C-alpha cells in the first residue's frame, strides 16, 4: 500500500502549485491569529473548551441519553448506528420509506467517513453536495482535500474548466465571483427539487436536545428550509452540556477555522418544522473504542475547525490527499491509526513534531504528543519497514557506548568529504534526495567545547 | 435497538470523572457596543444603520436600492416596509423562491461578531431568512449584548426552539480563498438598529 511519502511526492512534483497551496493555507493561519488576538480571554477560552470537552467525554453516555430524551420530546426521531454500514442503511431507509430520490447535503465529514454518497447513489438516489467547495470536488469525483476548505487544492482555472463542462459557464472564465454565481443558480434548482436535506452537526446540546449547524453559505439552511425532511448525522462526540458551554465553542470555531468572528449562519434546530420531520442519526463508528484509550481519547475533543491543517508545515506542503483519510493533517494522523493502524501507519510520521498544531488547537488537543505516541505504538507493533527497524537498532546500540558514538562521528566527518558522490548520495540516503548534505565540520562539538572550557 | 445499548455501554466503559470547569468570566466587554457592532458587521460584509425609531427605520429602508428595486417583499416587522405578498397565504416555502427582500425582527444583536438572533417562532417559514436575495434585520438598540456568553445567557431564559444567529450576508471563499458575497443565501444583510442604546443589560 502506498503511504504518505509516496502520495506527498506526487503532490510536490508540481512545485509551483505546492508552493501556492502552502501560501494559501498560511494566509488562513494568519487570519486565525488576527481573529484570536481580538479576543482578550482567548487562552482562557481554549482552556475552558478543553476542560468542557474532557468533562463531556467523561460522561458521554449520560449526556447522550439526556440529549436523546430532549430531542425526542421536541419531536425529533433519534437513530443510533454502531458503524458506517448501519448509518448508511438508516439514512437510506428514511429516504426509501418516503419515496425520496433527491437529497441535498450540506457539509458532513461523518458521511464522507461512512462513504454515504456512493451507497445512496448505488440505490438510485441523486445526492447533491451543496457547499460550493464540496460541489466542486463532487463534480470532479474527488473527496474533499481539507475539512473546511474542500477545494483548496484547486486553482480557479481548473474550476472554471470544470464548470464549463458541467454547468455550461463560458469557456476560459475563471472569475471566482462569476463561477460562484453559476453554482448558486445551479444549486438553487437542486434545493427546490430536493425531497430531503441532510446536514452534519457541529454541536448537540444535551440540556435542550438541540443540534447546531454552522455554515457561511447558508446551504444547510436552504437544504432544511425547503424540503420537508431533515436528516442530521452526528458522531457521539459532538455533545456539549448546555447553551452556556455552547457559547465557548461558537466563539472559538469560526475564528480558529477561517479567522471570521463567527460563521454567517449558526442555526439551532430543536425539533422538526411544523410541516416536516427531523431525524438525528447518532454514530459511533470506532469513536467509543478511541475514547476507551487513555493515550488517544483527547483526540475526540476535535471540533473540526481545520486550524491544525492550516498551520502544519507538512500538510501545507503535501496536500490533504497525501493522508488518504477523510480527516487529513495532524488530527487525521491521530484519528486514522485509531481506525486501522496498519493501513495508516505512515501518517504519524508525516509530522515534524514542531507542535504548532497543538498551539493553535482551540480545544488544546495534545496533537504532537499523540502523534509521537502513535509512532511508538507503530514501532512496537513492528509496522515500520525492516530497514528502518534495523537502522534504529544499530543507532540505539551505538548511542549506548560513548566510544562507539565518537568513532562513528569521526568516521562520518572524515569519510563523507572524500567518498564519491555516488556512494554518499546512494539510494539509502533518503535525506539527500532533494538536498545537499551540510559541509562536514573539521572538529566535533565535543572537541570545540573542550578547547573553550577546558574539560567537557 | 441493539446499537443504542451497545453504544451507551461502550461509552460507559470509557467514562472518566472530570468536573465541569467554571466558564471564563468577563468575555468581551466593549465601551461602545453600538460602534463595535457596526464595525463587526462591516467586517463580515453587512451594514448597520442606526435609526431613531420604527418610523425612521421605515424611511431608511425606503432609501435602500435593494428595497426600491424589489418586487417581491415580505416584512414581518410592523411599520417597517410593506409586504407585497400575504405571507399567511403561503403554504409551501417553495413559493418563496424569487423573494427579493425579507424584513425580519431580531431578538438581540451581538457586538463581538455582528450576529443577530432570529427567533424561529416568528417565522411562518424557515426559508424566509435564507431564500431572499436581500435581508433586512430590525433590532432594538437596547438589545445589543457584548458577546456570545451574554447572548446565550439571554437565550437560555427564552423558550427552547428553532433559531439562528445571522452575521452578515451569505458568503464563500471556496474558490482560491477569494471572498464572494452571496453564495446560497442573501446577497446583502442590512441591520436597522432602532432607538437609543439603553443601559448594559443585566444578566
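The values are calculated or read from the model by the stated rules, or taken from the named source; none is laboratory data. Not measured: the values here are computed from a predicted model. Because the Cβ atoms are built from the backbone with ideal geometry, glycine has one as well, and the counts that use them run over all protein chains shown.
Structure above, values below:
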{"item": "Test result for residue A:286, surrounded by fewer than 23 Cβ atoms within 10 Å (Cβ to Cβ), within 14 Å of chain B (Cβ to nearest Cβ) and either under 15 Å from the mean Cα position of the chain (by Cα) or on the phi > 0 side of the Ramachandran plot (or both)", "result": "yes"}
{"item": "Per-region count, segment A:351-391, residues assigned to a helix (DSSP H, G or I) and either closer than 27 Å to residue A:55 by Cα or in contact with a strand residue (DSSP E or B) (Cβ under 7 Å, 6 or more places away or on another chain) (or both)", "result": "14"}
{"item": "All positions within segment A:97-127 that are within 12 Å of chain B (Cβ to nearest Cβ) and either closer than 21 Å to residue A:158 by Cβ or in a loop (DSSP other than H, G, I, E, B) (or both)", "result": "A:106, A:107"}
{"item": "Those residues of segment A:196-249 which are more than 8 Å from chain B (Cβ to nearest Cβ) and assigned to a helix (DSSP H, G or I), in sequence order", "result": "A:220, A:223, A:237, A:238, A:249"}
{"item": "Any hit, segment A:298-307, residues being farther than 30 Å from residue A:153 by Cα, surrounded by fewer than 24 Cβ atoms within 10 Å (Cβ to Cβ), at pLDDT 95 or above and not assigned by TED's automatic domain parsing to the domain that holds residue A:27", "result": "no"}
{"item": "Candidate set from segment B:181-203 (those that are under 30 Å from residue A:209 (Cα atoms) and surrounded by fewer than 21 Cβ atoms within 10 Å (Cβ to Cβ)); member that is modelled with the highest pLDDT", "result": "B:201"}
{"item": "Qualifying residue in segment A:48-70 (condition: within 20 Å of the chain's Cα centre (by Cα), away from chain B (no Cβ under 12 Å) and part of a helix (DSSP H, G or I))", "result": "no"}
{"item": "Check on residue B:34, touching a residue at least 24 places away in the same chain (Cβ under 8 Å) and under 19 Å from the mean Cα position of the chain (by Cα)", "result": "yes"}
{"item": "Top-ranked residue in segment A:392-420 [being modelled with pLDDT under 95 and part of a loop (DSSP other than H, G, I, E, B); ranked as nearest to residue A:448 (Cα to Cα)]", "result": "A:419"}
{"item": "Positions within segment B:30-39 being closer than 17 Å to residue B:143 by Cβ and either facing chain A (nearest Cβ under 7 Å) or out of contact with any helix residue (DSSP H, G or I) (no Cβ under 8 Å at 6 or more places or on another chain) (or both), in sequence order", "result": "B:32, B:33, B:35, B:36, B:37, B:38"}
{"item": "Residues located in segment A:443-456, provided they are more than 46 Å from the chain's Cα centre (by Cα) and within 17 Å of residue A:411 (Cα to Cα)", "result": "A:447"}
{"item": "Selection from segment A:239-253 of residues that are under 14 Å from residue A:45 (Cα atoms) and touching a helix residue (DSSP H, G or I) at 6+ places or on another chain (Cβ under 9 Å)", "result": "A:244, A:245, A:246, A:247, A:248, A:249, A:250, A:251, A:252"}
{"item": "Filter result for the condition that a residue is at pLDDT 95 or above, surrounded by fewer than 22 Cβ atoms within 10 Å (Cβ to Cβ) and assigned by TED's automatic domain parsing to the domain that holds residue A:130, over A:188, A:251", "result": "A:188"}
{"item": "Any hit, segment A:292-315, residues being closer than 30 Å to residue A:427 by Cα and without any contact (Cβ under 8 Å) to a residue 24 or more places away in the chain", "result": "no"}
{"item": "Residue in segment A:131-152 that is closer than 20 Å to residue A:199 by Cβ, free of Cβ contacts under 8 Å to residues at least 60 places away in the same chain, assigned to a loop (DSSP other than H, G, I, E, B) and more than 10 Å from every other protein chain (Cβ to nearest Cβ) present", "result": "no"}
{"item": "Number of the exception - residue A:40 against (1) facing chain B (nearest Cβ under 8 Å); (2) over 25 Å from residue A:347 (Cβ atoms); (3) part of a helix (DSSP H, G or I)", "result": "(3)"}
{"item": "Residue satisfying condition, being under 27 Å from residue B:63 (Cα atoms) and either surrounded by fewer than 24 Cβ atoms within 10 Å (Cβ to Cβ) or more than 10 Å from chain A (Cβ to nearest Cβ) (or both), within set B:156, B:178, B:115, B:109", "result": "B:109"}
{"item": "Any hit, segment A:172-195, residues being within 7 Å of another protein chain (Cβ to nearest Cβ), in a loop (DSSP other than H, G, I, E, B) and in contact (Cβ under 8 Å) with a residue 12 or more places away in the chain", "result": "no"}
{"item": "Residue match in segment B:96-104 (condition: part of a loop (DSSP other than H, G, I, E, B) and within 9 Å of chain A (Cβ to nearest Cβ))", "result": "yes"}
{"item": "Hey, residue B:192 over 18 Å from residue A:250 (Cβ atoms), assigned to a strand (DSSP E or B) and more than 11 Å from chain A (Cβ to nearest Cβ) or not", "result": "yes"}
{"item": "Filter pass, residue A:443 being in a loop (DSSP other than H, G, I, E, B) and within 23 Å of residue A:388 (Cβ to Cβ)", "result": "no"}
{"item": "Tally of residues being over 16 Å from the mean Cα position of the chain (by Cα), under 20 Å from residue B:168 (Cα atoms) and either within 14 Å of chain A (Cβ to nearest Cβ) or free of Cβ contacts under 8 Å to residues at least 12 places away in the same chain (or both) across segment B:40-61", "result": "0"}
{"item": "Test: residue in segment A:158-169 that is surrounded by fewer than 18 Cβ atoms within 10 Å (Cβ to Cβ), under 25 Å from the mean Cα position of the chain (by Cα) and at pLDDT 95 or above", "result": "yes"}
{"item": "Some residue of segment A:257-274 being crowded, with 24+ Cβ neighbours inside 10 Å, assigned to a helix (DSSP H, G or I) and under 13 Å from the mean Cα position of the chain (by Cα)", "result": "yes"}
{"item": "Any hit, segment B:7-25, residues being touching a strand residue (DSSP E or B) at 6+ places or on another chain (Cβ under 6 Å), at pLDDT 95 or above and within 14 Å of another protein chain (Cβ to nearest Cβ)", "result": "yes"}
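Listed here are the residues, each with its yes/no results for (1) in a loop (DSSP other than H, G, I, E, B); (2) more than 24 Å from residue B:71 (Cα to Cα).
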site: B:114; (1), (2): yes, yes
site: B:117; (1), (2): no, yes
site: B:121; (1), (2): no, yes
site: B:127; (1), (2): no, no
site: B:137; (1), (2): no, no
site: B:149; (1), (2): no, yes
site: B:160; (1), (2): yes, yes
